[in-house]
1. Does residue A:113 qualify as being crowded, with 23+ Cβ neighbours inside 10 Å and free of Cβ contacts under 8 Å to residues at least 24 places away in the same chain?
2. Kindly check whether there is at least one residue in region A:206-217 that is within 14 Å of another protein chain (Cβ to nearest Cβ), in contact (Cβ under 8 Å) with a residue 24 or more places away in the chain and either touching a strand residue (DSSP E or B) at 6+ places or on another chain (Cβ under 8 Å) or at positive phi (or both).
3. Return a yes/no flag: does region B:109-128 have any residue that is under 20 Å from residue A:113 (Cα atoms) and more than 13 Å from chain A (Cβ to nearest Cβ).
4. Would you pick out the residues in region A:78-104 that are within 14 Å of chain B (Cβ to nearest Cβ) and out of contact with any helix residue (DSSP H, G or I) (no Cβ under 9 Å at 6 or more places or on another chain)?
5. For region A:1-31, how many residues are in contact with a helix residue (DSSP H, G or I) (Cβ under 7 Å, 6 or more places away or on another chain) and part of a strand (DSSP E or B)?
6. Which of the helices (runs of 4 or more DSSP H) contained wholly in region A:166-242 include at least 2 residues that are modelled with pLDDT of 95 or more and under 20 Å from residue A:152 (Cβ atoms)?
7. From the residues in region B:1-17 that are surrounded by fewer than 16 Cβ atoms within 10 Å (Cβ to Cβ) and over 17 Å from the mean Cα position of the chain (by Cα), which one is farthest from residue B:57 (Cα to Cα)?
8. Quick one: residue A:134 ticks every box in (1) under 16 Å from residue A:91 (Cα atoms); (2) free of Cβ contacts under 8 Å to residues at least 12 places away in the same chain except a single one, so which number is it?
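The values are calculated or read from the model by the stated rules, or taken from the named source; none is laboratory data. Just so we're clear, the structure is a prediction, and the values are computed from it rather than from any experiment. All Cβ positions, glycine included, derive from the backbone under ideal geometry; neighbour counts span all protein chains shown.
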């Protein structure tokens with residue numbers, strides 16, 4: 001089984017339906033569309049625009065032929081995390097009708113606490129579980145990314161809780177390098193760092209997850225290399241360390 | 001009331017007792033010695049050496065005339081966080097007799113999860129509370145630093161728990177800038193970032209903390225400036241935002 005998550009910026013200038021067909025013709029399942037979210041903001045007009053853009057993402061996911069969108073929920077450093085979390089709740093809640101109509105599920109991705117200022121006010125899987133449970137729709141669940149969550153002492157417990165609720169929608173892997181020299185784009189290939197990827201994978205599978213194990217390596221270093229070579233390294237690292 | 005925490009590297013080549021007297025003669029209380037810790041490691045000999053070094057730190061604190069050491073507990077990326085946490089427990093436990101004899105308290109400082117690979121396997125105040133409670137000595141408590149903990153949805157609850165147990169030993173402030181361009185040395189002056197410092201201070205004081213509010217700004221930017229000017233900015237930012 002081969003699959004890919006499509007980023008929205010990669011769709012710019014393309015016909016979406018045909019792009020989906022092209023990927024499938026090349027033997028790839030489309031795991032999800034990345035990304036929706038970024039709901040919080042002090043400006044009501046912008047918050048409304050963000051919700052509209054998420055509706056558009058749901059349409060795009062439908063056209064592309066995937067049943068999932070990854071949500072990077074957003075945060076606004078000029079307001080409290082509590083307020084941002086409230087706005088995330090409101091934003092996701094306002095999308096449920098569209099999500100159901102399109103058959104597209106929304107996966108809340110908790111982001112590492114180092115992104116709590118601008119990228120996401122949802123920083124632990126416990127918070128993502130709380131949010132998904134309080135929204136209480138089968139169209140809303142959680143995306144587990146080892147990079148964001150590996151340090152959490154409650155990780156296993158919260159993965160089990162997530163699986164038990166049928167809310168474990170996606171699983172992303174890479175590694176945490178020591179030292180990490182860039183806060184966004186210095187992720188490592190599996191095996192290059194200290195994340196217990198196999199152990200976390202075993203928890204995710206024990207929790208009932210049967211979807212794709214997605215490799216997601218933001219890296220200024222690897223992106224500068226030949227991408228076919230990079231892909232070979234990814235495959236090799238996956239076999240050895242995931 | 002004026003106070004200062006002394007870093008151990010600043011004591012190199014100085015007579016410790018005389019340094020303490022000099023600081024007190026200049027009207028400064030010595031809040032704590034920074035830092036002990038760094039207990040974990042795969043090598044038993046090195047772990048023993050770390051404990052010995054912490055004993056030395058306790059002696060230094062006694063000579064300097066302060067009753068507190070801040071512990072940056074350490075982590076070793078080549079072993080699991082669970083193992084590192086076990087070694088931290090063992091390390092701190094083995095220091096209790098010395099701490100008691102010297103009248104020096106040990107403050108576990110939970111560090112931001114972005115430091116979980118090499119600097120500390122204790123990454124939330126909840127974990128620090130758990131550790132301090134399980135060690136169960138009045139010589140072991142917690143140092144609360146807003147930079148490390150501001151994102152935590154359980155922060156208020158855990159500050160209250162910490163205070164209730166008489167384990168809130170220290171309080172450090174600075175700010176989280178957006179963007180933060182260096183993972184270690186890009187902290188902001190109070191007011192330059194998104195941390196709700198006054199709110200967290202109010203929780204800490206509600207929890208019964210009566211000690212110094214310490215400003216700790218690791219910053220390549222500010223360290224390059226005239227340090228007297230920097231100190232003026234610190235005082236001004238403290239008055240306006242802390």
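1. Yes.
2. Taking every residue of region A:206-217 in turn, none turns out to be within 14 Å of another protein chain (Cβ to nearest Cβ), in contact (Cβ under 8 Å) with a residue 24 or more places away in the chain and either touching a strand residue (DSSP E or B) at 6+ places or on another chain (Cβ under 8 Å) or at positive phi (or both).
3. yes
4. If the condition is that a residue be within 14 Å of chain B (Cβ to nearest Cβ) and out of contact with any helix residue (DSSP H, G or I) (no Cβ under 9 Å at 6 or more places or on another chain), then A:78, A:81, A:82, A:83, A:84, A:86 are the ones that fit.
5. So the answer is 3.
6. In region A:166-242, A:197-206 are the helices (runs of 4 or more DSSP H) which contain 2 or more residues that are modelled with pLDDT of 95 or more and under 20 Å from residue A:152 (Cβ atoms).
7. B:1
8. With respect to (1) under 16 Å from residue A:91 (Cα atoms); (2) free of Cβ contacts under 8 Å to residues at least 12 places away in the same chain, residue A:134 is out only on (2).
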